[in-house]
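The values are calculated or read from the model by the stated rules, or taken from the named source; none is laboratory data. These numbers come from a predicted model, not from an experiment. Reconstructed Cβ throughout: ideal geometry from the backbone, glycine too, with neighbour counts over all protein chains shown. Keep in mind that these areas ignore ligands, DNA and RNA; they rest on the heavy atoms of the full protein, side chains included. Shrake-Rupley method; radii C 1.70, N 1.55, O 1.52, S 1.80 Å.
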Amino acid sequence: MIVADRKPLDEIQEMIKDYDKIMLVGCKGCVTVCNVGGLKEVQILASALRIGRKKDGRTLHVEERMLERQCDPEYIEQLRDSYDSVDAVLSMACGVGPQFLSETYPSQRFYPTVNTKFFGGAVQHGIWDERCAGCGTCVIHYFDGLCPIARCSKSLQHGPCGGSADGKCEISKETECIWDTIVKKKVDQGRLEDLRLYRAPKDWRTARDGGPRRSIREELVK
Amino acid sequence: MSDSGYKSGSNLEKVLKAGHFAFTGECGPPKGANVGHLKEKMEPLRDMVDAINVTDNQTAVVRMSSKAASALMVMAGLEPNFQMVCRDRNRIAIQSDILGASALGIRNMLCLSGDHQQFGNHPESKNVFDIDSIQLIAVAKKMRDEGKFINDEAIDEPPKIFIGAASNPFGDPWQFRAHRLANKIDAGADFIQTQCIYNMERFREFMKQAVDMGLTGKTHILAGVTPMKSAGMANYMAKFVPGMDVPQELIKRLKGVDKKMQAEEGIKFALEQIEEFKQMEGVAGVHLMAIEWEHRVPEIAERAGVLPRPKVD
Ligand code: SF4
Ligand code: SF4
């Protein structure tokens, strides 16, 4: 899933300081799963914003809404009758949400309330780690299902670099050296020889380096 | 290969091919456009070493470009070993810099991944890592030997570059270090300079493995030496430099002498190492990284008995 973090409250307060009536829109997709933009988080942020505003002696009206997904025009349409009844709309979805909203309702102003970070999953309750960088050409079968593109700090296809120590990456003792894990897995499986192969420079055109990307499924296009 | 039979005809290549025990040095370019400062650091190395490594924004701290500093050395009649990292350049800039370096008379190049920018003075920067150090070696070799860019387009005059790579015998996971060295040699590394060695026991094992794998016949391995200036420096390196193996005995040995004598004790240890490397099977020379200690190199070279440096035509 897409993993995001909530923006700090004061940053959100600063964004909306000129508005008295806002809409806060959550999403039931990834951000619900990573506990950042689901129903509960919409309610919490809405009350925090109201309380904060009250301290300043003003009132803030917050309309709380939940959409099935904010990356689908069908659900974005559900705000058609109410989007312009407020001064601004805040999205709690990943970076896709506020953009789909913005494209559908050009006359309204939209704000993000989360910082969208990566594709990953929960490694334990409350902790999410990155797994994929969306490079567009998956090569993890060469590395026993572990991705050095997203998980090695230098995206090395031939690792580990000289900075790998005790299974940790040179950038921090908190960061796993994925190359250490790849090598150990190969050793355990008796296939270290696999890592003696040369891998050609990667074609980054399928990643963001080829410009914004599009995916077309001909059979679905009407 | 050129008519002379040399790949680049660098002094380092000639010394190694003639079978002499090589001795290389290192110089970090200044944090500014100060040519005078660079000269102060490089001049003590004249006639003391076969080539001088010019670091490329080492530890991701911005300095004068390694290509420019290398070119200044060429102009001053010194031989640089131009270091290039993959952190700051994509394949377009890399190939362009290889051609440019060759055009400027630079004949040695060391291919590195590069320290992550997190360490440096611009941790906010975006990194590149379009290709990695092993691919960089292969690219340089392809450009030189096949006269082709990565995309197979022809180069009108191929670069003349003696290709080097780094090896850390102490990096983890240990099972893979010699294999990684083999990968670099397969990719085209003409010579190897190792990370600073302090744990001689582990280095002996590493070299034995390299010899057993037949690697030492395919490349020239220069053992990395950095004299410790104090017990404090040894402690720091042991604790904070990733991939560095500093045994407790060495720290104890340095602590065992008076503070004023610790630098001398560090040099003594380095000299003992060099003596052993001269005898060690598969070791073709020493790479002396006397960080911010360039002025001590003549004394160390003298005491190590590596002077005068051979002249090969
Ligand atoms: S190789 Fe590319 S697509 Fe596959 S997991 Fe890594 S970043 Fe994602
Ligand atoms: S230490 Fe490991 S994860 Fe970190 S940059 Fe080096 S190889 Fe990649």
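Figures for the structure shown
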quantity: Proximal aspartates and glutamates to residue B:160, defined as alpha-carbon separation beneath 16 angstrom and excluding residues fewer than eight positions away on the same chain; calculated: B:3, B:13, B:79, B:97, B:145, B:146, B:190
quantity: Links that overshoot a 27 Å alpha carbon limit, given the list A:154/B:7; B:31/B:184; B:239/B:260; calculated: A:154/B:7; B:31/B:184
quantity: Tensor-based shape of segment A:133-209 (alpha-carbon gyration tensor, a/c under 1.5 rounded, otherwise prolate or oblate); calculated: oblate
quantity: Summed buried accessible area for B+A [probe radius 1.4 Å, Å², rounded to 100]; calculated: 2500
quantity: Nonlocal Lys pairs with alpha-carbon distance under 16 Å, segment A:2-117 (8 or more apart, or different chains); calculated: 7
quantity: Dipole magnitude (debye, nearest 20) for chain A, charges at Cβ of Lys, Arg, Asp, Glu; calculated: 320
quantity: Solvent-accessible surface (1.4 angstrom probe) belonging to residue A:51, in square angstrom, nearest 10; calculated: 100
quantity: Size of electric dipole in segment A:2-117: Cβ of Lys, Arg +1 and of Asp, Glu -1, about Cα centre, debye, nearest 20; calculated: 440
quantity: 5 angstrom amide H check on residue B:162, placed H, neighbours 5+ away; calculated: B:108, B:109
quantity: Euclidean distance of C-alpha centroids, segment A:7-21 and segment B:109-178, integer Å; calculated: 47
quantity: Loop sites in segment A:174-206: trypsin sites (Lys or Arg not before Pro), DSSP, at most 12 other Cβ within 10 Å; calculated: A:191
quantity: Inter-chain shielding of A:180-190 (mean C-beta neighbours from other protein chains, 10 Å cut-off); calculated: 2
quantity: Gyration tensor (alpha-carbon) shape descriptor, segment A:2-117, a/c threshold 1.5; calculated: oblate
quantity: Antiparallel content of DSSP bridges confined to segment A:2-117, in %, to 5; calculated: 20
quantity: Gaussian network model of chain B, Cα within-10 Å springs - most flexible of B:80, B:247, B:159; calculated: B:247
quantity: Accessible area of the protein assembly as shown divided out per residue, in Å², using a probe of 1.4 angstrom; calculated: 47
quantity: Helix A:178-188 axis, angle to chain A major axis (alpha carbon atoms, nearest 10°); calculated: 40
quantity: Helix axis angle, B:66-75 relative to chain B longest principal axis, alpha carbon, degrees; calculated: 90
quantity: Sparse-neighbourhood loop sites, GluC sites (Glu not before Pro) in segment B:205-313 - DSSP loop, at most 13 other Cβ within 10 angstrom; calculated: B:281, B:292
quantity: Peptide A:163-170 - average C-beta neighbours from other chains (10 Å radius); calculated: 6
quantity: Cα centroid separation - segment B:26-46 against segment A:85-154, whole Å; calculated: 46
quantity: Farthest toward positive dipole pole in chain B [+1 Lys/Arg, -1 Asp/Glu at C-beta], among B:247, B:129, B:163; calculated: B:247
quantity: Per-residue mean of C-beta atoms belonging to partner chains within 10 Å, peptide B:169-179; calculated: 6
quantity: Anisotropy class of chain B from Cα gyration tensor, a/c 1.5 cut; calculated: rounded
quantity: Other-chain or far-sequence residues with amide H under 5 Å of residue A:114's (modelled H); calculated: A:7
quantity: Heavy-atom accessible area, 1.4 Å probe, ligands and nucleic acids excluded: residues of segment B:130-148 down by at least 30 Å² from chain alone; calculated: B:130, B:132, B:134, B:135
quantity: Extreme residue, positive dipole direction of chain A, given options A:94, A:36, A:197 (C-beta unit charges); calculated: A:197
quantity: Furthest towards positive pole of dipole, A:59, A:153, A:206, structure part chain A, Cβ charges; calculated: A:153
quantity: Solvent-accessible area, 1.4 Å probe, carbon plus sulfur percent, for chain B; calculated: 51
quantity: The protein assembly as shown - charge dipole about Cα centre, Lys and Arg +1 at Cβ, Asp and Glu -1, debye rounded to 20; calculated: 440
quantity: Accessible carbon and sulfur surface of chain A relative to its total accessible area, %, 1.4 Å; calculated: 51
quantity: Folded to 0 to 90 degrees: helix B:177-187 orientation relative to chain B principal axis, Cα; calculated: 30
quantity: Over 31 Å (Cα to Cα) - which of B:17/B:67; B:141/B:311; A:173/B:229; A:173/B:67 fall in this group; calculated: A:173/B:67
